[in-house]
């Protein structure tokens, strides 16, 4: 009787896939390590996604997204992000929100984007919290509200000594998003980065850097940034 021989990469793929199924309700499961390196591995992942596993659906969506912005790839990406997001998987909700926010694979829709960001943020997803705050700051999909924007941004970058290393990394990721947008010239992000430095909630408190970012935002007409910039200068007199 002829024995079927399996290649090691395929066996490893199936091991991770099977483990992911058994850990369906564990957000820290090994789903994130599923990296199909063969057609067999990808087919296995598709089958598990079709069975309703939210982790596998999310991973499959990421694979199609990483293949590029061609219509067929993005169609499948949106399909699987949606299936996973509808099962309340926070990372899928956040990524789906980004697709609607940027208009990638779907028509740009800030209201729908904000809806998905809220769902993910409600589960403690820091990057989603930042985007909820950003939507409030810019009046995207909701009426502009600086107070509400600050509340969400504060949540996104807040830190607690009891946070797990993973949660701390997510906080750092949220700060990185703010910094990236600030460096691209977004006055709202520049204002919030100034607040982060001024309040020292995540980054070490640095009033000079706070003033620097407030000044950049103020130069673009951000009134709150101007107020903070003036207050910091006055405090040194």
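Arrange the peptides 119-126, 43-50 so that the one whose residues have, on average, the most other Cβ atoms within 10 Å appears first. Display every interim value, and only then the final one.
Values: 119-126: 19.8, 43-50: 17.9.
Peptide ranking by packing, descending: 119-126, 43-50.
Here the relative contact order of region 75-117, from alpha carbon pairs under 8 Å that lie six or more residues apart, stands at 32 percent.
Given a Förster distance of 22 Å, report the FRET efficiency between residue 42 and residue 87 from their Cβ-Cβ distance, rounded to the nearest 0.05. List each step's numbers first, then the result.
Working: r = 21 Å, r/R0 = 0.96.
E between residue 42 and residue 87, to the nearest 0.05, is 0.55.
Approximating the spin labels as points 7 Å out from Cα along Cα→Cβ, the residue 230-to-residue 205 distance works out to 2.3 nm.
An oblate overall shape is assigned to region 74-123, the ratio a/c of its alpha-carbon gyration tensor axes (a ≥ b ≥ c) being 1.5 or greater and a/b not exceeding b/c. The calculated FRET efficiency for the pair residue 151 and residue 176, based on their C-beta separation and a Förster distance of 25 Å, comes to about 0.75.
Taking 0.36 nm per residue of separation and subtracting the current Cα-Cα distance, fully stretching the chain between residue 212 and residue 70 would add 47.1 nm. In terms of its alpha-carbon gyration tensor, region 170-221 comes out oblate; a/c meets the 1.5 threshold, while b/c is at least as large as a/b.
Every number here is computed from the coordinates shown, using simple stated rules; none is lab data. The structure presented is a predicted model; accordingly, all values stated were derived computationally and were not measured. Note that each Cβ is placed from the backbone with ideal geometry, even for glycine, and that neighbours are counted across all protein chains shown.
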